[in-house]
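Down below is the structure, laid out as structure tokens.
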2 protein chains.
Amino acid sequence: MSEAWIFGVFLLASGAAAATGVIFKPGAWYESLKKPSWTPAKWVFPVVWTSLYLLMAWAAARVAVLPENGLAMALFAAQIALNTLWTPVFFGGHRIGLGLAVLVCLLVIVIWAAWVFLSLDLIAGFAMAPYVLWLCLATALNYWIWRNNSSAVS
Amino acid sequence: MSEAWIFGVFLLASGAAAATGVIFKPGAWYESLKKPSWTPAKWVFPVVWTSLYLLMAWAAARVAVLPENGLAMALFAAQIALNTLWTPVFFGGHRIGLGLAVLVCLLVIVIWAAWVFLSLDLIAGFAMAPYVLWLCLATALNYWIWRNNSSAVS
């Protein structure tokens with residue numbers, strides 16, 4: 001019972017982060033930006049993010065019931081806050097450079113979180129791997145857009 | 001050593017939420033809204049929020065090193081994500097009604113978190129009390145603004 005509640009509350013945390021993608025849409029501004037040839041198709045983003053939000057909530061719920069989980073739980077809180085911050089900064093505020101700074105910080109924290117999760121529970125650690133990989137792509141994409149759209153950068 | 005890291009990472013989570021207050025400023029739109037006579041003075045908000053962010057990180061770090069902290073840590077993650085969401089929704093997107101929905105959800109989660117913190121560690125539970133009280137005021141203020149600024153509501 002308690003474990004189901006824990007997973008449910010982590011899903012709510014993921015849901016708050018996911019809500020930013022619904023509230024702050026890419027729109028005409030994002031369409032007008034130059035993007036690299038390796039930018040994933042538009043439909044890929046919501047599919048991948050939904051999967052990642054479910055996966056990270058599930059991994060966190062596994063770790064939450066283990067002893068000595070303090071650092072892991074702190075890292076999860078930091079990454080979900082940074083994740084919630086990125087979308088409004090980038091799509092809401094059109095702040096490409098600041099978005100990149102948030103994303104680099106998020107990537108570092110998620111790599112650290114995956115590492116600490118791995119030390120507590122192998123499965124939870126591996127469940128964070130797709131998130132790390134996707135953030136590498138997202139950071140590269142944010143960097144490329146920042147370098148190649150100087151006029152749109154604020 | 002590990003406890004200092006845990007506090008530091010929770011501070012980063014608080015910092016990500018606090019950053020929204022710097023990035024999404026009230027500005028002319030907020031100035032133009034009708035506000036109740038009991039609205040606190042402008043300087044109060046950053047002072048109170050800075051104190052609350054420090055206090056919640058400290059309370060979370062106390063609970064993070066205790067056994068059976070899973071639900072408490074899930075609730076902290078959910079509240080810091082919802083907290084990070086509110087400012088861009090309200091000040092960034094000018095979505096007063098949606099901001100109120102986020103704030104009500106945040107208030108419920110923070111009351112629940114304070115309750116669970118209290119069951120694990122008296123001091124950590126009491127450290128969440130000012131946050132609960134301030135959120136009651138913030139929710140009342142958001143509600144008042146929503147009811148009395150129909151033309152500015154989107």
Practice task
Please state which one of B:L85, B:L107, B:L137 is closer than 30 Å to B:K35 by Cα, touching a residue at least 60 places away in the same chain (Cβ under 8 Å) and in a helix (DSSP H, G or I).
Solution key: B:L137
Fill in the blank from the handout: Out of (1) over 16 Å from the mean Cα position of the chain (by Cα); (2) without any contact (Cβ under 8 Å) to a residue 60 or more places away in the chain; (3) in a helix (DSSP H, G or I), the one A:L66 does not meet is (3)
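Working only within the stretch A:24-39, note down all residues that are among the aliphatic types (A, V, I, L, M) and in contact (Cβ under 8 Å) with a residue 60 or more places away in the chain.
A:L33 - this is the single residue of the stretch A:24-39 that is among the aliphatic types (A, V, I, L, M) and in contact (Cβ under 8 Å) with a residue 60 or more places away in the chain.
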Problem - The lone exception for A:Y143 - which of (1) hydroxyl-bearing (S, T, Y); (2) farther than 22 Å from A:A18 by Cβ; (3) surrounded by 20 or more Cβ atoms within 10 Å (Cβ to Cβ) it fails - result: (3)
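Could you look through the stretch A:29-54, keep only residues that are of a type in the set (A, V, I, L, M) and outside any helix (DSSP H, G or I), and pick out the one that is nearest to the other protein chains (Cβ to nearest Cβ)?
So, considering only residues that are of a type in the set (A, V, I, L, M) and outside any helix (DSSP H, G or I), the one nearest to the other protein chains (Cβ to nearest Cβ) is A:L33.
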Problem - Filter result (touching a Gly at 6+ places or on another chain (Cβ under 9 Å) and not polar (S, T, N, Q)) within the stretch A:10-54 - result: A:I23, A:F24, A:F45, A:P46, A:W49, A:Y53
Exercise for the section: Please indicate, with yes or no, whether at least one residue in the stretch A:59-67 is in contact with a Phe, Trp or Tyr (Cβ under 9 Å, 6 or more places away or on another chain), of a type in the set (D, E, K, R) and under 23 Å from A:A114 (Cα atoms). Expected result: yes
Exercise for the section: Identify all residues within the stretch B:80-92 that are buried (at least 24 other Cβ atoms within 10 Å of the Cβ) and within 7 Å of chain A (Cβ to nearest Cβ); write none if there are none. Expected result: B:I80, B:A81, B:L82, B:T84, B:L85, B:P88, B:V89
Completion exercise
Among the residues of the stretch B:52-62, the number that are over 22 Å from A:T20 (Cα atoms), surrounded by fewer than 24 Cβ atoms within 10 Å (Cβ to Cβ) and either among the β-branched types (V, I, T) or within 11 Å of the chain's Cα centre (by Cα) (or both) is 1
Exercise for the section: Among residues belonging to the stretch A:104-126 that are in contact with a Leu (Cβ under 8 Å, 6 or more places away or on another chain) and within 15 Å of B:A13 (Cα to Cα), point out the one that is surrounded by the most Cβ atoms within 10 Å (Cβ to Cβ). Expected result: A:A113
Completion exercise
The condition from (1) of a type outside the set (V, I, T); (2) within 11 Å of chain B (Cβ to nearest Cβ); (3) touching a helix residue (DSSP H, G or I) at 6+ places or on another chain (Cβ under 7 Å); (4) surrounded by fewer than 20 Cβ atoms within 10 Å (Cβ to Cβ) that A:P26 misses is numbered (2)
Exercise for the section: Can you work out which of the residues in the stretch B:3-58 that are polar (S, T, N, Q) and more than 25 Å from A:L103 (Cα to Cα) is modelled with the lowest pLDDT? Expected result: B:S32
Practice task
Tally the residues that are touching a residue at least 40 places away in the same chain (Cβ under 8 Å) and either aliphatic (A, V, I, L, M) or more than 10 Å from chain A (Cβ to nearest Cβ) (or both), restricting the search to the stretch B:1-22.
Solution key: 6
Handout entry: Unique match (being of a type outside the set (S, T, Y), touching a Gly at 6+ places or on another chain (Cβ under 9 Å) and either within 12 Å of another protein chain (Cβ to nearest Cβ) or within 23 Å of B:G8 (Cβ to Cβ) (or both)) among A:A72, A:A101, A:A57, A:A77
Key = A:A57
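The values are calculated or read from the model by the stated rules, or taken from the named source; none is laboratory data. Since the structure is predicted, the reported quantities are computational estimates derived from the model, not experimental observations. A quick note on method: Cβ atoms are made from the backbone with ideal geometry, for glycine too, and the neighbour counts reach across all protein chains shown.
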